[in-house]
């Protein structure tokens, strides 16, 4: 009997390691481990708004189903105008994309023309994909335990204006928020500054630290934004870049036509004007994040790191991969291990902030495993 149990455990470990996701949200992989259907997995690994798709998006999709019989506007005029209006810009500064992932590819191509690209580590794994696709030289600077880069003056001296820098803000996976004043000097020090603000809209407008308003003044600045996380549309794939028109025209010439499908375009236009859903999300997040943080901090061996984003990085005395496996087997709960972040490894895991009853289910399961 013991041998059978050992064999089963080894088989499960092999399944865990086989095709281990480097992104969150792989419910099929998790379902295989948990021996259940993907829809039964409670997913804390993907930092998606748990309030679900706004009714405005659903209505827009339903009313534009007949658009599937036609090619989308290759210029995405209405979508770009909606994004531009939302950010108080003109549409020439906007390029819609098939999620931020597609736009990162063109970021990588531009960065490949420079001496090197600077990353703060731990860094989002898709940055490495985009940069390596064009053989970019990568320089890494580790964040300190307090999630700053320490000696700022030394950092800037080591990076002349022959290099680029790629930062996400709030930072993933730590959630650290770089201030606008902290980032401004980079615009004078680097040939190209790319800020991935995929999670910035989870912050209320008064707390956001976006550089979007500086784009018209700095041709070397690119901002990336996602519409899929805040508005719960990851299956539609929709993001956009804000940058100088000449750069965006070059990217448009490089890529395939019709990168954004007609339903994604319709949904994007609708949600940008959905002020009610935006306020509902900000109200939910404040209470739910506090509840989850407080609950995690009370569990022996876990130390969550406070941040303003919709996810929490948690330091753990028990291996994060072990917790992931046991949560899947016992509770059908998926958390994000940090094995794809070499600087973090098994000492950390990341969890999205979800609805309060779902957060409570996670906290109860973790309490059982750590006692």
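The values are calculated or read from the model by the stated rules, or taken from the named source; none is laboratory data. Bear in mind the structure is a predicted one, so any value in this text is a computation, not a measurement. All Cβ positions, glycine included, derive from the backbone under ideal geometry; neighbour counts span all protein chains shown.
For (1) surrounded by fewer than 19 Cβ atoms within 10 Å (Cβ to Cβ); (2) at positive phi; (3) without any contact (Cβ under 8 Å) to a residue 40 or more places away in the chain; (4) assigned to a helix (DSSP H, G or I), each residue gets a yes or a no:
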position	(1), (2), (3), (4)
28	yes, no, yes, yes
58	yes, no, yes, yes
74	yes, no, no, no
79	no, no, no, yes
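What number goes with the only condition from (1) part of a loop (DSSP other than H, G, I, E, B); (2) surrounded by fewer than 19 Cβ atoms within 10 Å (Cβ to Cβ); (3) at pLDDT 95 or above that residue 92 does not pass?
With (1) part of a loop (DSSP other than H, G, I, E, B); (2) surrounded by fewer than 19 Cβ atoms within 10 Å (Cβ to Cβ); (3) at pLDDT 95 or above applied to residue 92, the lone miss is (1).
Mind checking which strands (runs of 3 or more DSSP E) fall wholly inside the range 176-293 and carry at least 3 residues that are under 17 Å from residue 86 (Cα atoms)? Outline the logic, then answer.
Working: elements: 192-196, 221-226, 239-242.
Of the strands (runs of 3 or more DSSP E) lying wholly inside the range 176-293, those with at least 3 residues that are under 17 Å from residue 86 (Cα atoms) span 221-226, 239-242.
Has the range 319-331 got at least one residue that is modelled with pLDDT of 95 or more, closer than 15 Å to residue 172 by Cβ, buried (at least 20 other Cβ atoms within 10 Å of the Cβ) and not assigned by TED's automatic domain parsing to the domain that holds residue 127?
Taking every residue of the range 319-331 in turn, none turns out to be modelled with pLDDT of 95 or more, closer than 15 Å to residue 172 by Cβ, buried (at least 20 other Cβ atoms within 10 Å of the Cβ) and not assigned by TED's automatic domain parsing to the domain that holds residue 127.
Of all the residues that make up the range 281-305, how many are touching a residue at least 60 places away in the same chain (Cβ under 8 Å) and under 20 Å from the mean Cα position of the chain (by Cα)?
Of the residues in that region, 8 qualify.
Tell me yes or no: at least one residue of the range 100-110 is exposed (fewer than 14 other Cβ atoms within 10 Å of the Cβ), modelled with pLDDT under 95 and assigned to a helix (DSSP H, G or I).
no
Count, please, the residues in the range 294-303 that happen to be part of a helix (DSSP H, G or I) and touching a helix residue (DSSP H, G or I) at 6+ places or on another chain (Cβ under 6 Å).
Total meeting the criteria: 1.
Quick one: count up the residues across the range 35-47 that are over 15 Å from residue 362 (Cβ atoms) and assigned to a loop (DSSP other than H, G, I, E, B).
Final tally of qualifying residues: 3.
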